[in-house]
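Here the structure comes first, spelled out in structure tokens, and everything after it is commentary.
The values are calculated or read from the model by the stated rules, or taken from the named source; none is laboratory data. Computed from a prediction, not measured in an experiment: that's the story for all the values here. We place every Cβ from the backbone using ideal geometry, glycine too, and count neighbours over all the protein chains shown.
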Amino acid sequence: MDNIFAVNKPKGITSFDVVYKIRKKTGVKRVGHGGTLDPLATGVLVIAVGREATKQLDKYVKGEKEYIATIKLGFTSTTDDEEGEKREINTEYIPSTEEIEETLKSFIGNIHQIPPIYSAIKINGKRAYKIARKSEKENSTTATPKMEPREVKIKDIQLLSYDYPILKIKVTTGPGVYIRSLARDIGEKLKTGAYLTDLQRTRVGEFIIENAKEIEDIKFE
């Protein structure tokens with residue numbers, strides 16, 4: 001059995017949790033996913049079932065991706081999202097809509113982005129988030145992973161709504177973009193601080209949210 005399709009990942013589970021559930025439903029061990037979504041994120045997760053399908057995953061997930069992101073200004077988070085420890089940066093200054101729009105425009109194109117320290121990127125063979133958690137547990141700043149900037153492409157950003165301190169944006173990206181990092185960097189540029197409060201991926205290449213399957217509805221003959 002070989003198949004590639006999109007699942008609408010619910011909030012609160014990992015991308016691997018989705019893979020595990022599909023394995024149980026299909027009875028097929030060779031199941032993979034492309035383009036990891038954080039546990040707090042929802043939306044399109046491309047799933048491949050079977051040896052031949054998993055070999056083709058890369059070509060499906062290297063295309064454009066679209067996201068709806070909700071961002072809160074005035075604070076930062078240690079994880080750059082709702083999960084981390086928050087710190088107030090600047091809640092007195094309220095940027096205008098015009099300033100928000102100009103700031104968003106500045107991130108369109110090829111940019112250098114530093115991934116979140118709580119990410120699955122490997123540093124000397126170890127996942128960054130595991131290094132970060134160990135550093136946090138030991139209360140050691142010297143062991144905090146050093147994330148190197150990477151060149152990525154943001155193709156478009158649209159402001160969907162803004163009611164301080166919350167702004168909602170639609171982002172179209174190439175591969176490798178961290179929306180958590182984008183939220184953090186928007187806050188830095190505005191000098192208010194910011195973190196991601198909600199994220200839905202609405203498209204991966206040709207796979208769109210409207211056609212994504214709910215996990216509980218997936219059936220295999």
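Below, the figures for the structure above:
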{"quantity": "Residue that is surrounded by 15 or more Cβ atoms within 10 Å (Cβ to Cβ) and within 30 Å of ILE108 (Cβ to Cβ), where the choices are ILE47, ILE71", "calculated": "ILE71"}
{"quantity": "Residue within the stretch 77-93 that is within 14 Å of GLN158 (Cβ to Cβ), in the same structural domain as ILE154 (by TED's automatic domain parsing) and out of contact with any Ser or Thr (no Cβ under 6 Å at 6 or more places or on another chain) present", "calculated": "no"}
{"quantity": "Selected residue [in contact with a strand residue (DSSP E or B) (Cβ under 9 Å, 6 or more places away or on another chain) and under 27 Å from ARG184 (Cα atoms)] from ILE71, ILE117", "calculated": "ILE71"}
{"quantity": "Unmet requirement for ILE47, which otherwise passes all of (1) assigned to a helix (DSSP H, G or I); (2) outside the structural domain of GLY176 (by TED's automatic domain parsing)", "calculated": "(1)"}
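Each row is one residue, and each column tells you yes or no for (1) under 30 Å from GLY50 (Cβ atoms); (2) out of contact with any Cys (no Cβ under 7 Å at 6 or more places or on another chain); (3) of a type in the set (D, E, K, R); (4) at pLDDT 85 or above.
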site: ILE114; (1), (2), (3), (4): no, yes, no, yes
site: ILE123; (1), (2), (3), (4): no, yes, no, no
site: ASN139; (1), (2), (3), (4): no, yes, no, no
site: GLU148; (1), (2), (3), (4): no, yes, yes, no
site: ILE166; (1), (2), (3), (4): no, yes, no, yes
site: ILE186; (1), (2), (3), (4): no, yes, no, yes
site: LEU190; (1), (2), (3), (4): no, yes, no, yes
site: LYS213; (1), (2), (3), (4): yes, yes, yes, yes
